[in-house]
1. Which log10 I(q)/I(0) values does the stretch 17-74 give at q = 0.19 Å⁻¹ under the Debye formula, counting every alpha carbon as one identical point scatterer?
2. Which lysines, if any, have their Cα less than 30 Å from the Cα of K10, not counting same-chain residues under 8 positions apart?
3. Return one whole number: the accessible area per residue of the stretch 16-140 in Å², for a 1.4 Å probe.
4. So for S81, S93, what's the accessible-area order with a 1.4 Å probe, most first?
5. From the P(r) of the chain, could you give the percentage of C-alpha pairs in the tail past 24 Å?
6. Computing the accessible area with a 1.4 Å probe over protein heavy atoms, can you report the carbon and sulfur percentage for the chain?
7. Compute, for the chain, the length of the dipole vector about the Cα centre, with Cβ point charges of +1 (Lys, Arg) and -1 (Asp, Glu) only. Units Debye, rounded to 20.
8. Over the stretch 45-140, what is the mean sequence separation of C-alpha contacts under 8 Å (at least six apart), divided by residue count, expressed as relative contact order in percent?
Amino acid sequence: MSTTDCVFCKIIGGSIPALKILETADALAFLDINPLAPGHCLLVPKRHVQGILDVPADLLAGLTAPFPKLAKALLQATQASGLNILQNTGESSGQAVFHLHFHLIPRIDGDKLGYRWNAGAYPSGEGERLRDRLIDELGG
Ligand code: 5GP
Ligand code: ZN
């Protein structure tokens with residue numbers, strides 16, 4: 001997708017509106033248009049990158065630097081007691097907008113949002129095999 005077709009680039013460029021809450025040299029945070037909870041916001045790099053697979057490390061560092069400040073403000077403003085930070089990569093994960101973004105989703109005890117994945121367990125030897133494969137992939 002070109003940056004001219006990208007909805008988040010349009011928000012960054014100001015051609016479509018958004019409820020912006022924080023801006024730095026590298027990052028913009030704004031409220032998600034369809035929140036999972038009040039205060040659900042998105043933290044995006046101001047430069048278009050598709051996702052976590054193609055973001056330069058220095059841009060990722062600048063993008064994530066506001067997390068502590070943003071998280072504290074979200075908890076204070078919404079009276080939430082926790083939050084989920086979510087980053088979807090690829091259609092199979094649910095990524096719909098192919099401009100890198102982190103979701104920050106405030107959570108309150110007893111909210112009906114839910115969060116439960118069916119965790120598994122490795123058959124004998126499979127964890128070790130996968131660890132070795134990953135270390136190989138990372139270049140030893
Ligand atoms: P994804 O599924 O790609 O991780 O999440 C994309 C998010 O972007 C969704 O939660 C969706 O509600 C949000 N979104 C999509 N279009 C717009 C928009 O025009 N404005 C805002 N503020 N959020 C948007
Ligand atoms: Zn973009």
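1. -0.69
2. The reachable lysines, counting only those whose Cα sits under 30 Å from K10, are K20, K46, K69, K72.
3. About 66 Å² of surface per residue is accessible.
4. S81, S93
5. Roughly 42 percent, rounded to a whole number.
6. 56 percent
7. Computed charge dipole of the chain: roughly 460 debye.
8. Reported relative contact order: 28 percent.
The values are calculated or read from the model by the stated rules, or taken from the named source; none is laboratory data. Predicted model only: the values in this text are computed from it and were never measured. No Cβ is skipped: glycine too gets one built from the backbone with ideal geometry, and neighbour counts run over all protein chains shown. Side chains included, ligands, DNA and RNA excluded: accessible areas come from the protein's heavy atoms. Shrake-Rupley method; radii C 1.70, N 1.55, O 1.52, S 1.80 Å.
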